[in-house]
Amino acid sequence: MVDVIIPAYNAHNTIEDTLQSLALQVSKDFMTVTIVNDNGDNYADIVKKFKGRLNVKELHKRVNGGAGQARQYGIDHTSNPFIVFVDADDVLPDIFTIHQQFDLMMREQDCVMASGNFLEETPNGTYVAKTHDTTWLHGKMYRRSHIQKHHIHFSDLRLCEDVEFNMRVKLYASGEEHIKFMTDK
């Protein structure tokens, strides 16, 4: 039911923590995790390590195009009704993250994006709370039918591609469709 797409380029130092946070999710039985290798080092050894705990696979891009293009490749090569993007250096903060978003999307059929709160670690090691965020991709679940209906794609830009994607999701979420901000702490 949920495609978790991880764009990755030579992320061996961080991706295991990312996958571990996904393996701890209580609702992992209906998740497919797809690592989109953006023409970097191979992740076959890491995929094999998590095979018993996650439904995980690796897709290979032939040309490095940046995170946005890797995410789009993931969208184009997966098919579940809901999409979550997790960067290869991100971790989910609690074991109910995906479950809560999925539950909300199932209850509210006109919700096209469920956005939760998260913490951003700054270069100096402090944390900044992100609430009611429509900038970052982290902490969000998207309804695939909304993305397909409005032909929302990641641009070829290597900078601010997440902002552009979210703004398009937000722009087309009008009328009966809406974005829901979760009230988790």
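Some values worked out for this structure:
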item: Number of positions in region 34-59 that are among the hydrophobic types (A, V, I, L, M, F, W, C) and free of Cβ contacts under 8 Å to residues at least 24 places away in the same chain; result: 2
item: Filtered residue count, region 98-131, keeping only those that are touching a residue at least 60 places away in the same chain (Cβ under 8 Å) and under 11 Å from F181 (Cβ atoms); result: 7
item: Residue ID - modelled with the highest pLDDT, chosen from residues in region 12-26 that are assigned to a loop (DSSP other than H, G, I, E, B), open to solvent by 10 Å² or more (accessible area, probe 1.4 Å) and touching a helix residue (DSSP H, G or I) at 6+ places or on another chain (Cβ under 8 Å); result: H12
item: Residue list for region 67-88, filter: assigned to a loop (DSSP other than H, G, I, E, B) and either modelled with pLDDT under 95 or within 12 Å of the chain's Cα centre (by Cα) (or both); result: V86, D87, A88
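The values are calculated or read from the model by the stated rules, or taken from the named source; none is laboratory data. The structure displayed is predicted, hence computed values, not measured ones. When we count neighbours, we look across all protein chains shown, and the Cβ atoms used for this are built from the backbone with ideal geometry, even at glycine. Surface accessibility is based on the protein's heavy atoms, side chains included, excluding ligands, DNA and RNA. Shrake-Rupley method; radii C 1.70, N 1.55, O 1.52, S 1.80 Å.
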